[in-house]
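Before any comments, here is the structure.
The values are calculated or read from the model by the stated rules, or taken from the named source; none is laboratory data. All of these numbers come straight from a predicted model, not from anything done at the bench. Glycine gets a Cβ as well: all are built from the backbone with ideal geometry, and neighbour counts include every protein chain shown.
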Amino acid sequence: MKLTSFVSSLIACAVLTFPFTHATAKGSDLQKLSEVLAAQSDETKTRYEYRHPQETIEFFGIKPGMTVVEALPGGGWYSQILVPYLGEKGRLVGVDYSSELWPHFEWMNEKFLQGRKDWLESFPENAKEWGKGQGAKTEAYTFATLPKKLTKQADAVLFIRALHNLNRFEPKGQFMTQALNESYRMLKKGGVLGVVQHETSDANADGSTGYMEKQALINVIENAGFNLVAESDINQNAKDKADGIVWRLPPTYSGVKDDPKQKEANKAIGESNRMTLKFVKVGKSKR
């Protein structure tokens, strides 16, 4: 009887302890994310109102220690958050568009193309400063140069405002196909494909204005071997009617910088209306 009572007590303790430990770990992650966000520059923080980084990162299930692939990191707005948040046990892989995509832009020039080549070295170097010696290990590639060693290594691949150009130039080089196939290859089974994308109701939108139609995009991604498991309205903005190019809005103000009245009107709209979609890798790609 004494032995039975002792074993029962151990089981009871285990049952009670597990949720507490799990909750503590989750709370610790959220605390770390809050601290990282609080440490960002004032310029970065001005975008929180529209980009909701804490809610977005939580929605995609990103946690310290993970291996995360970020498509088109650009100037590193999200990277500067992810590097310190993922921590020393984490890994961030920045992936730029294939070098064959960029020349399709009418405004392209040699200086810009050289900048894309230089980014492959500057991104990991800049990440050392973002992590302040305690950040995630960081690498940089293009979708055409991702190494085999990354196969089934990623916990998540994030496309944050990065899919429209891939879709726009798909007919010229299957760039969307390449990006989704490589994402599928890099992700572990059950890994997350996270999407934040400028949204329009126009079913014919090809991405040239920055906007894409949600169901059309879902179809493309699911055909690549992913299942949509959740969506969120955290990055929606009802003021944006998607009636022009997305870059007319802050922070770019393309085409309205010399028109104070229109610029102020666009500022009042805020950043674009965005869909936020969470997919997981399942089965074999249908491509």
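Values computed for the structure shown
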read-out: Extreme residue, surrounded by the fewest Cβ atoms within 10 Å (Cβ to Cβ), among residues of the range 266-287 that are among the small types (G, A, S) and modelled with pLDDT under 95; value: G283
read-out: Given (1) of a type outside the set (D, E); (2) under 19 Å from R51 (Cα atoms); (3) in a loop (DSSP other than H, G, I, E, B), index of the condition G244 fails; value: (2)
read-out: Which listed residue, of K149, K189, is surrounded by fewer than 23 Cβ atoms within 10 Å (Cβ to Cβ), assigned to a helix (DSSP H, G or I) and at pLDDT 95 or above; value: K149
read-out: Members of the range 243-265 found to be surrounded by 15 or more Cβ atoms within 10 Å (Cβ to Cβ), touching a Gly at 6+ places or on another chain (Cβ under 9 Å) and not β-branched (V, I, T), listed by number; value: G244, W247, R248, L249, P250
read-out: The lone exception for A136 - which of (1) in contact with a Leu (Cβ under 9 Å, 6 or more places away or on another chain); (2) modelled with pLDDT under 95 it fails; value: (2)
read-out: Scope the range 135-183; condition at positive phi, in contact with a Lys or Arg (Cβ under 8 Å, 6 or more places away or on another chain) and without any contact (Cβ under 8 Å) to a residue 60 or more places away in the chain; matching residues; value: K152
read-out: Breaking point among (1) at pLDDT 95 or above; (2) among the hydrophobic types (A, V, I, L, M, F, W, C); (3) not in a helix (DSSP H, G or I), for M176; value: (3)
read-out: Residue count for the range 1-52, restricted to those that are closer than 30 Å to N237 by Cα, in a helix (DSSP H, G or I) and modelled with pLDDT of 90 or more; value: 18
read-out: Boolean, W119 is more than 30 Å from G27 (Cβ to Cβ) and either in the same structural domain as G173 (by TED's automatic domain parsing) or without any contact (Cβ under 8 Å) to a residue 40 or more places away in the chain (or both); value: yes
read-out: Of residues in the range 223-242 being in contact with a strand residue (DSSP E or B) (Cβ under 8 Å, 6 or more places away or on another chain) and free of Cβ contacts under 8 Å to residues at least 60 places away in the same chain, the one surrounded by the most Cβ atoms within 10 Å (Cβ to Cβ); value: F226
read-out: Residues that are polar (S, T, N, Q) and closer than 24 Å to N235 by Cβ, drawn from the range 159-191; value: N165, N167, S183
read-out: Residues located in the range 232-246, provided they are touching a helix residue (DSSP H, G or I) at 6+ places or on another chain (Cβ under 6 Å) and not hydrophobic (A, V, I, L, M, F, W, C); value: S232, K239, D240
